[in-house]
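Reading through the structure tokens given below for one structure.
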Amino acid sequence: MHHFRYVGQNLRCESVDLAEVARLYGTPTYVYSAATMADNYTRLARAVGGLDAQICFAMKANSSLAVLRHFARLGAAFDLVSGGEIRRVLAAGADVRRSVFAGVGKTEAEMRLALEQGIFAFHVESEPELARLNHVAGQLGVKAPVAIRVNPDVDAHTHAKITTGKSDNKFGVPLAQAAAAYAAAAKHPHLAVKGVQIHIGSQLTSAAPFVEAVTKVVPFVAQLKADYGISYFSIGGGIGIVYQDALASGQPAWWDAQPADRRPLTPEAYGAALVPLLQPLGLKILLEPGRFLVGNAGVLLTRVEHLKRGAGKNFLIVDAAMNDLIRPAMYDSHHEIVPLHRDTTRRALTADVVGPICESGDCFAHDRLLQEVGEGEYLALMSAGAYGSAMAGRYNTRALPAEVLVHGGAFELIHARESFEQMIANEKIPAFLQ
Ligand code: LLP
């Protein structure tokens, strides 16, 4: 469920007319619904209410300061993956001490920063990393809290680029080698064994792979509790969202109409499947959702530049591009595209929706059925709140997009559009070319 819907002919986010945002701040602009984020957070927290659970928002999905502050206020901690993300959490005035630090290649400087800021735990991915962390903690005269990421070798049935829990992925320590990794961790004098972690992939649309992975590692987790007195088990992120019927899925009626065997994963189904498996462990359970919390809470607004009628194909050229939202180019992902002003009297149009970047991959949708729209009209790419702005770049010297947060009937710019001067600020012409 989310808070984007047509009121009359105009698409609104909560009580704000999105065309008004586009006119005021220009396009391409990401717009987020604070209420949708809060609803998602609350629903998930309730669904795992039977556990001693802590939600750590995987901020790689959306690391805007305002979004971080919003989740911090709701009670979230964070799943961090870089020194930059640690600094962002601090800049948002949020708490690093309940947050976890993941990633396969943490540098010594990042480890130091995390330790100085009192990180809750490091999610360690290899024995060499254990040795490095032990060394850094020793230099600081502290004990680093650690959990080892165990790779359960489960197929998450998701896109190859976002599956992580198979043995041929670079992530985690294979379950068969995990006991040895814990023994190695326990021998390091500057490490404190605190927990265990798994994460099998992203955009999972059924609870089954989560159940399979948790079931597979639970005996090992119980053994770790007995052997090392671990206090928590992090089950990672990965809950999928609805991309195909994104707009309709904002309404409860849409969910009611879905056949039981084809209903997308809900936090309630996730909780119902996992809570009984986790409860008997008597451990604190960490969740690391990214996409689920923010994905359907954001849209990318774009303006139509031209409708180019080609030989047997139409191209709707818009002012957003793959640098703003790379998911379709990178994962062939589907984002529903809807007009900000709906007009059912117009003819239908089938077109490729493309950006202005000079490569064919700069395409948001192939042969998409839309209402006919012309130059200057606005469209929204739905479900763009996760891995949208966070993955944006400057290819073709295009500025990073603006971001706006809606709260009820109010909206505010939370990330101003980058200026050309900001884009080139760190560049210089070397002496020999002057
Ligand atoms: N925990 C760990 C250790 C992760 O690696 C990830 C995501 C998460 C949690 C959060 O997963 P989520 O709940 O968002 O599925 N850029 C891709 C997704 C990459 C996910 C990377 N890891 C996309 O746009 O689909």
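The values are calculated or read from the model by the stated rules, or taken from the named source; none is laboratory data. Not measured: the values here are computed from a predicted model. As a convention, Cβ positions derive from the backbone with ideal geometry for all residues, glycine included, and neighbour counts pool all protein chains shown. Just the protein is used for accessible areas: all its heavy atoms, side chains included, with ligands, DNA and RNA removed. Shrake-Rupley method; radii C 1.70, N 1.55, O 1.52, S 1.80 Å.
Remark: pairs (first residue in segment 263-292, under 26 Å from ALA61 (Cα atoms); second residue away from the ligand (no atom under 16 Å from the Cβ) and of a type in the set (Val, Ile, Thr); Cβ separation under 6 Å; 6+ apart in sequence or on different chains) = ALA273/VAL211. Return yes when PRO174 is assigned by TED's automatic domain parsing to the domain that holds LEU133 and more than 23 Å from PHE120 (Cα to Cα) and no when it is not. Taking the combined requirement at face value, the residue satisfies it.
Of all residues in segment 232-262, those satisfying the criterion of being outside any loop (DSSP other than H, G, I, E, B) and crowded, with 21+ Cβ neighbours inside 10 Å are TYR232, PHE233, SER234, ILE239, SER249.
For ARG368, the requirement of being at pLDDT 95 or above, among the basic types (Lys, Arg) and either open to solvent by less than 20 Å² (accessible area, probe 1.4 Å) or on the phi < 0 side of the Ramachandran plot (or both) is met. Only one of the numbered conditions (1) aliphatic (A, V, I, L, M); (2) away from the ligand (no atom under 16 Å from the Cβ); (3) open to solvent by 10 Å² or more (accessible area, probe 1.4 Å) is violated by VAL353, and that is (3).
Close contacts from segment 129-153, counting a first residue that is more than 24 Å from LYS284 (Cα to Cα) and outside any strand (DSSP E or B) and a second that is open to solvent by 20 Å² or more (accessible area, probe 1.4 Å) and within 16 Å of the ligand (Cβ to nearest atom), with Cβ to Cβ under 8 Å and a gap of 6+ residues or different chains, come to GLU129/VAL104.
Exactly one residue out of GLY118, GLY105, GLY84, GLY49 is on the phi > 0 side of the Ramachandran plot, small (Gly, Ala, Ser) and not in a strand (DSSP E or B): that is GLY118.
Applying the selection to segment 399-427, what residues are charged (D, E, K, R) and in a strand (DSSP E or B)? Within segment 399-427, GLU403, GLU412 qualify.
Restricting segment 324-339 to residues that are outside any helix (DSSP H, G or I) and more than 15 Å from ALA246 (Cβ to Cβ) leaves a set whose member that is nearest to the chain's Cα centre (by Cα) is ILE326.
Suppose we keep only residues that are among the polar types (S, T, N, Q) and open to solvent by 10 Å² or more (accessible area, probe 1.4 Å) within segment 65-112. Which one would you say is nearest to the ligand (Cβ to nearest atom)? For segment 65-112, the residue satisfying everything is SER82. Does VAL21 qualify as being within 20 Å of LEU400 (Cα to Cα), part of a strand (DSSP E or B) and not hydroxyl-bearing (Ser, Thr, Tyr)? Answer is no for this residue. Being more than 21 Å from THR158 (Cβ to Cβ), outside the structural domain of ALA402 (by TED's automatic domain parsing), open to solvent by 30 Å² or more (accessible area, probe 1.4 Å) and of a type in the set (Lys, Arg), is that true of even one residue in segment 336-345? For segment 336-345, residues more than 21 Å from THR158 (Cβ to Cβ), outside the structural domain of ALA402 (by TED's automatic domain parsing), open to solvent by 30 Å² or more (accessible area, probe 1.4 Å) and of a type in the set (Lys, Arg): absent. Across segment 401-434, which residue is nearest to SER63 (Cα to Cα) among those that are without any contact (Cβ under 8 Å) to a residue 60 or more places away in the chain and open to solvent by less than 50 Å² (accessible area, probe 1.4 Å)? It comes out as GLU418. If you go through segment 20-65 and keep only what is of a type in the set (Val, Ile, Thr) and either modelled with pLDDT under 95 or over 14 Å from GLY290 (Cβ atoms) (or both), you end up with VAL21, THR27, THR29, VAL31, THR36, THR42, VAL48. Is there a residue being over 17 Å from the mean Cα position of the chain (by Cα), more than 29 Å from ALA416 (Cβ to Cβ) and assigned to a helix (DSSP H, G or I) anywhere in segment 56-75? No, every residue in segment 56-75 fails to be over 17 Å from the mean Cα position of the chain (by Cα), more than 29 Å from ALA416 (Cβ to Cβ) and assigned to a helix (DSSP H, G or I). The C-beta contact set for segment 185-211 (first residue open to solvent by less than 30 Å² (accessible area, probe 1.4 Å), second residue charged (D, E, K, R) and away from the ligand (no atom under 13 Å from the Cβ), distance under 6 angstrom, 6+ apart or interchain) comprises ALA192/LYS143.
Here segment 165-184 is the region considered, the condition is being at pLDDT below 70 and within 16 Å of the ligand (Cβ to nearest atom), and the residue that is least open to solvent (accessible area, probe 1.4 Å) is GLY165. If the condition is being open to solvent by 20 Å² or more (accessible area, probe 1.4 Å) and within 16 Å of the ligand (Cβ to nearest atom), then segment 215-231 contributes no residue at all.
For GLU212, the requirement of being part of a helix (DSSP H, G or I) and either more than 30 Å from PRO145 (Cα to Cα) or within 16 Å of the ligand (Cβ to nearest atom) (or both) is not met.
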